[in-house]
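Right, one structure below, let's go through it.
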Amino acid sequence: LPELLARADVISLHCPLTNDTRYIMNEETISQMKQGVLLVNTSRGGLIETNALIQGLISGKLAGVGLDVYEEDHSSEIIGDELLARLMTFPNVLVTSHMGFFTKEAMQAIAIETLENAYMLEQGLPLVNEVKADA
């Protein structure tokens, strides 16, 4: 990781959020990056510590940032998060919706699965992927 941080012009995160990867991009790791790096995160928001990200943008360490995930989930509410609001004011930051599942193939698979489940239910057949709540 230290070699990647020191040499890469673009860093794109593609890893799960675990105890080992939480805030993998933080004040220390951002300081190890070369000046003017582009950082992209399409994995999990908790991989990047937002305060450190903002400081990296202010200092110029980060030339730009692309995010379709954020540290906190604000997908169903009015954004009251001051850090996210500030982050979105930077002209070199692009924030988009996280819609990795939204492909033609994924939507087709969801539709087929749903129709198969409805058919099985109507026919009184066992549902192979039924989820039962704990009693």
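The values are calculated or read from the model by the stated rules, or taken from the named source; none is laboratory data. A quick note: this is a predicted structure, and the numbers were derived from the prediction, not measured. Don't worry about glycine lacking a Cβ; one is built from the backbone with ideal geometry, like all the others, and counts go over all protein chains shown. Heavy atoms of the whole protein, side chains included, go into the accessibility calculation; ligands, DNA and RNA do not. Shrake-Rupley method; radii C 1.70, N 1.55, O 1.52, S 1.80 Å.
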Quiz item: Checking residue 79 against (1) open to solvent by less than 50 Å² (accessible area, probe 1.4 Å); (2) of a type outside the set (Asp, Glu); (3) within 27 Å of residue 37 (Cβ to Cβ); (4) modelled with pLDDT under 85, which single condition isn't satisfied?
Solution: (1)
Exercise. Only residues in the stretch 1-25 that are touching a residue at least 12 places away in the same chain (Cβ under 8 Å) and polar (S, T, N, Q) count as the first member; pair them with residues that are surrounded by 10 or more Cβ atoms within 10 Å (Cβ to Cβ) and not in a loop (DSSP other than H, G, I, E, B), Cβ under 6 angstrom, at least 6 apart or cross-chain, and list the lot.
Key: 12/40; 21/47
Quiz item: Name the pairs: first residue in the stretch 85-114 and open to solvent by less than 60 Å² (accessible area, probe 1.4 Å), second residue modelled with pLDDT under 80, Cβ to Cβ under 7 Å, at least 6 apart or on different chains?
Solution: 85/79
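Does at least one position in the stretch 27-38 carry a residue that is basic (Lys, Arg) and touching a Leu at 6+ places or on another chain (Cβ under 6 Å)?
no
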Quiz item: Restricting the stretch 20-58 to residues that are open to solvent by 50 Å² or more (accessible area, probe 1.4 Å) and in a helix (DSSP H, G or I), which is nearest to residue 85 (Cα to Cα)?
Solution: 51
